[in-house]
Amino acid sequence: MDKSDLEERLINFAVAIIELTNEMPNTKIGNHLSGQVGRSGTSAALNYGEAQSGESRKDFIHKIKVVLKELRETSVCLKIIH
């Protein structure tokens, strides 16, 4: 997998998250969880794009770790929703 494949997969994931959040109930907890998963699930693609222009190898690694952190948070949130 090259970096364009990963970027495309993260974008597709973000779109799937957006579609999921649009289907969640308009309740207090539904709004809370949809907001949380919406932020973390879409930020992975955005942070990956930012990492591509890292100022140094250390900066790139840091930004990729942020991507991983957001994906882990999304995973937990999706488990709660399920």
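The values are calculated or read from the model by the stated rules, or taken from the named source; none is laboratory data. None of these values were measured; they are calculated from a predicted model. Quick reminder, even Gly has a Cβ in these numbers, built from the backbone with ideal geometry, and neighbours come from all protein chains shown.
Kindly provide the set of residues from segment 9-62 that are hydroxyl-bearing (Ser, Thr, Tyr) and surrounded by 11 or more Cβ atoms within 10 Å (Cβ to Cβ), ordered by number.
Step one: filter segment 9-62 for residues hydroxyl-bearing (Ser, Thr, Tyr), giving 21, 27, 34, 40, 42-43, 48, 53, 56.
Within segment 9-62, THR21, SER34, SER40, THR42, SER43, TYR48 meet the criteria.
Condition check: in contact with a Cys (Cβ under 6 Å, 6 or more places away or on another chain) and either of a type in the set (Lys, Arg) or assigned to a helix (DSSP H, G or I) (or both). Does VAL37 satisfy that? Explain how you work it out, then say what you get.
Values: in contact with a Cys (Cβ under 6 Å, 6 or more places away or on another chain): yes; either of a type in the set (Lys, Arg) or assigned to a helix (DSSP H, G or I) (or both): yes.
In short, yes.
Restricted to segment 25-64, and to residues that are in contact with a helix residue (DSSP H, G or I) (Cβ under 9 Å, 6 or more places away or on another chain) and charged (D, E, K, R), which residue is farthest from VAL15 (Cα to Cα)?
ASP59
In segment 67-80, is there at least one residue being exposed (fewer than 14 other Cβ atoms within 10 Å of the Cβ), touching a residue at least 12 places away in the same chain (Cβ under 8 Å) and in a helix (DSSP H, G or I)? Show your work before the answer.
Looking only at segment 67-80, we keep the residues that are exposed (fewer than 14 other Cβ atoms within 10 Å of the Cβ), and these are 68, 72, 75-76, 79-80.
Add one more test, that the residue is touching a residue at least 12 places away in the same chain (Cβ under 8 Å), and what stays is 80.
With in a helix (DSSP H, G or I) added as a condition, the list becomes 80.
The answer is yes; a qualifying residue exists.
Filter segment 2-25 down to the residues that are modelled with pLDDT of 95 or more and assigned to a loop (DSSP other than H, G, I, E, B), then identify the one that is nearest to ILE80 (Cα to Cα).
MET24
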